[in-house]
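The next block holds one structure in the form of structure tokens; read it before the comments.
Values quoted throughout were computed directly from the atomic coordinates according to the rules given, and no laboratory measurement underlies them. Predicted, not measured: the structure shown is a model, and the values here were computed from it. Here Cβ is always computed from backbone atoms with ideal geometry, including for glycine, and neighbour counts include all displayed protein chains.
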Amino acid sequence: MTKVKIIGAGGYGGVGLIELLLNHPEVELVALVAQTETGQRVDSLYPHLRGFCDLPILPPDDPAAAVAADVVFFATPDGVAMRQAGAVLEQGAKVIDYSGDFRFQDAATYAEYARRIGKDPDHQSPELLSASVYGLPELHRDRLTADTRLVGNVGCFAIGCILGLAPAVHGELVELDGLICDCKSGVSGAGKKPQPGFHYPARYDHMNAYRLQGHQHVMEVERELQQLAGQAVRVTFTPQVVPACRGILSCLYGRLRPGLSRQAVWEAYQQFHADNHFVRLYERDANIGTQHVRGSNFCNLLVDVDERTNLLRVIAHIDNLVKGQAGNAVQNMNLICGWPETTGLDRPGQYP
């Protein structure tokens, strides 16, 4: 069995991993590590795990936290993995990081990302960046192999935007100027730590846009689409929070090139995503929403053309805590460990 350790195990991203890995046939959880809630058994912190996982949450300096592992997940904020991943890699483990620390492959690009979001632009382990792989399996499956040791897991907003627009950009279906990503997330995307704007009375029956300049996922979206297009791509990205627990709905728009029919667009999407098991395509009349991906690793894409305005309109639905976080991380682990990509993940969501 492959031994797995989770650093940052007490948060939503950590418990999401635990839930998935408990049903994974190839792995054994050997340690849960966090800065807070240490000393508790994880089934005390999360009672729904009783009878499934009773590991304690260990502080980083506990000798038991140094147990050897084959794969280490960093379910941590920016700045943690870049300081600790080097030592973990030297011990022979593979690393999958949730944050933006390893989503970019050179120090200059990371510095630009960090400045946009108000972080220190100096990466603490710049020598590791060139070895990292951006963890979006649907686009980079050929680089997520047994030789891969370090993965920067894709951001939650970014994954729906990229999967929804990639076929259009790759297939030259749309003009590259004027791409719009209008995205709405449930409040769990803000994490577990209490914040004033997410206190229940402040959030109930309330929707708002935020961080209109410098959102951390914009660079990912533009970088990936640019690689597909072979030229610069800029998107207008509007993140919003809605009073729901989980789920991201992304409404994506682009102006169609002349002469393209709705059928031609549909066929291009089918061709692009033909081998992407976790991407499901729907036509305009499908009655789907975020409820239909809850608890699953699927990204549902409703693909439509507004003939009146000649706009491509793609609606992407993901569970921000699964395909947008823990599920996608497990999908990356499957690939770099040489297992079928769907191992432990091929199941429907939870309804209603």
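Which order do the peptides 281-293, 28-40 take when ranked by the mean count of other beta-carbon atoms within 10 Å per residue, highest first?
Numbers: 281-293: 15.7, 28-40: 18.0.
Packing order, densest peptide first, comes out as 28-40, 281-293.
Please give the length that would be gained between GLU267 and GLN195 if that part of the chain were fully extended, namely 0.36 nm times their separation in residues minus their C-alpha to C-alpha distance (nm, one decimal). Please report the intermediate quantities before stating the final value.
On the way: separation 72, 0.36 × 72 = 25.92 nm, distance 4.44 nm.
Length difference between fully extended and current span is 21.5 nm.
Using a simple charge model, +1 on the beta-carbon of Lys and Arg, -1 on the beta-carbon of Asp and Glu, nothing else, what dipole does the stretch 83-160 show about its Cα centre, in debye to the nearest 20?
Details: 9 positive and 11 negative charges, 37 e Å.
Dipole of the stretch 83-160, to the nearest 20 debye: 180 debye.
Can you tell me which aspartates and glutamates have their Cα less than 16 Å from the Cα of LYS193? Leave out same-chain residues fewer than eight positions away.
List returned: GLU37, ASP78.
Using the alpha-carbon atoms, what tilt in degrees (0 to 90, nearest 10) does helix 218-229 show relative to the longest principal axis of the chain?
Around 60 degrees separate the two axes.
Among ALA268, VAL235, THR290, flag the residue with its Cα farthest along the positive direction of the charge dipole of the chain, charges on Cβ as +1 for Lys/Arg and -1 for Asp/Glu.
Positive-end residue among those listed: THR290.
Considering the dipole of the stretch 157-320 built from charges on the beta carbon (Lys and Arg +1, Asp and Glu -1) around the Cα centre, which of HIS317, HIS215, ALA190 is farthest to its positive end?
Towards the positive end, the residue furthest out is ALA190.
Given the peptides 252-264, 91-103, 325-337, 67-79, arrange them by the average over their residues of other C-beta atoms within 10 Å, most packed first.
Numbers: 252-264: 15.5, 91-103: 23.3, 325-337: 25.5, 67-79: 20.8.
Top to bottom by mean Cβ count within 10 Å: 325-337, 91-103, 67-79, 252-264.
Once the Cα atoms of helix 262-272 and of the chain are each reduced to a long axis, what angle between those two axes, in degrees from 0 to 90 to the nearest 10, is obtained?
Long axis of 262-272 versus the principal axis of the chain: about 30 degrees.
At what distance in nm do the modelled label points of ASP54 and LEU212 sit from each other, each positioned 7 Å from its Cα along Cα→Cβ?
Taking the two extended label points, one gets 5.4 nm.
Once phi is turned into θ = phi - 60°, what whole-Hz ³J(HN,Hα) does the Karplus curve with 6.51, -1.76 and 1.60 give for every residue of the stretch 134-140, x standing for Gly and Pro?
Rounded to whole hertz, the list is 5, x, 10, x, 5, 10, 10.
Dipole of the chain, Cα-centred, from +1 at each Lys and Arg C-beta and -1 at each Asp and Glu C-beta, to the nearest 20 debye?
Numbers: 31 positive and 39 negative charges, 149 e Å.
Roughly 720 debye for the chain.
Tell me which of GLY164, ALA107, SER130 sits at the most positive position along the dipole axis of the stretch 80-174, charges placed on C-beta atoms (Lys, Arg +1; Asp, Glu -1).
GLY164
Need the C-alpha centroid separation for the stretch 272-315 versus the stretch 72-150, integer Å.
The stretch 272-315 and the stretch 72-150 have Cα centres separated by 30 Å.
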